Amino acid sequence: MPRPVAASHHLVWGNIRAGGDDFREHHVQNCDVLLVIGTSGVVHPAAGYPLMAAENGVPVIEVNLEKTPLSEVATICLLGKAGN
């Protein structure tokens, strides 16, 4: 599992089923900001989280090496390595 550099007490990994879809959707819709880091933006269900967050007024920050389909939804799109 990837190690977060810094995170709040609610961290939602898109590829983990623990907690179920309702748990993840609740936190995506109610978080202060959604960080999308190093993803293709095409694998569901995780690819739908940024759109869900944006529709609920949550700022979305994408960090990736290149633009993805999620870049259009992102409030801020940072291109480059996440560790830099």
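The values are calculated or read from the model by the stated rules, or taken from the named source; none is laboratory data. Just so you know, these numbers come straight off a predicted model, no measurement behind them. Cβ atoms come from the backbone with ideal geometry, glycine included; neighbour counts cover every protein chain shown.
Enumerate the pairs (first residue in the stretch 56-83 and in contact (Cβ under 8 Å) with a residue 40 or more places away in the chain; second residue anywhere and part of a loop (DSSP other than H, G, I, E, B) and surrounded by 12 or more Cβ atoms within 10 Å (Cβ to Cβ)) with beta-carbon separation below 7 Å, excluding pairs fewer than 6 apart on the same chain, so at least 6 apart or on different chains.
82/38
Would the stretch 20-30 turn up any residue that is of a type in the set (A, V, I, L, M), out of contact with any Ser or Thr (no Cβ under 9 Å at 6 or more places or on another chain) and at pLDDT below 90?
The answer is yes, given that some residue of the stretch 20-30 is of a type in the set (A, V, I, L, M), out of contact with any Ser or Thr (no Cβ under 9 Å at 6 or more places or on another chain) and at pLDDT below 90.
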